[in-house]
Amino acid sequence: MKLRHLAALVLATAVAAFAADAAPKIAPKDAAKLVAEGKAVLVDCREAPEWAESGVAAPAALLPKSDFDGEKKKWNDFLAQNKGKQIILYCRSGGRAGTVAAALKAQGVKAANAGGFKDWQAAGLPTRADSAPQKK
């Protein structure tokens, strides 16, 4: 019986630690409002084939997670240009966006996870083909 309680306590502690490191979630409509007000920038952190396949959110900068995990060639310039603004990320389902947002948060960047592209679409927010000019 004590072992069961100890296991539950360890699990609860691990979940709490993960939650403390996780970036906050934000609804797509709230994200769109912050972007329109110039207080935040929206980032699609999927990969190029995904952008081409489905399109992207109209105001999104296209910065793949693979670059974030690697040399950060695109990410470093983007973060420098948008210093002080909230970085709101989305991907296909919200998993990668949450990972990148949490990593940014750990670096002191105000970041949030807007979930998946499907959530943006379901909210009736504007989209574009990935070949259109990016807004920053």
Checklist line | Test set (1) surrounded by 16 or more Cβ atoms within 10 Å (Cβ to Cβ); (2) modelled with pLDDT of 95 or more; (3) at negative phi - Ala23 fails condition number | finding: (2)
Next item on the list: Just need a number here: residues in region 40-53 that are farther than 15 Å from Leu89 by Cβ and either buried (at least 22 other Cβ atoms within 10 Å of the Cβ) or in contact with a strand residue (DSSP E or B) (Cβ under 6 Å, 6 or more places away or on another chain) (or both).
Entry: 0
Next item on the list: Enumerate the pairs (first residue in region 49-65 and under 19 Å from Val100 (Cα atoms) and β-branched (Val, Ile, Thr); second residue anywhere and modelled with pLDDT of 95 or more and in a helix (DSSP H, G or I)) with beta-carbon separation below 8 Å, excluding pairs fewer than 6 apart on the same chain, so at least 6 apart or on different chains.
Entry: Val56/Phe117
Note to self: Condition first: surrounded by fewer than 17 Cβ atoms within 10 Å (Cβ to Cβ) and outside any helix (DSSP H, G or I). Now tell me which residues in region 80-122 satisfy that.
What the structure shows: Asn82, Lys83, Gly84, Ser93, Gln107, Gly108, Lys110
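The values are calculated or read from the model by the stated rules, or taken from the named source; none is laboratory data. Worth saying up front: this structure is predicted, and the values here are computed from it rather than measured. Cβ atoms come from the backbone with ideal geometry, glycine included; neighbour counts cover every protein chain shown.
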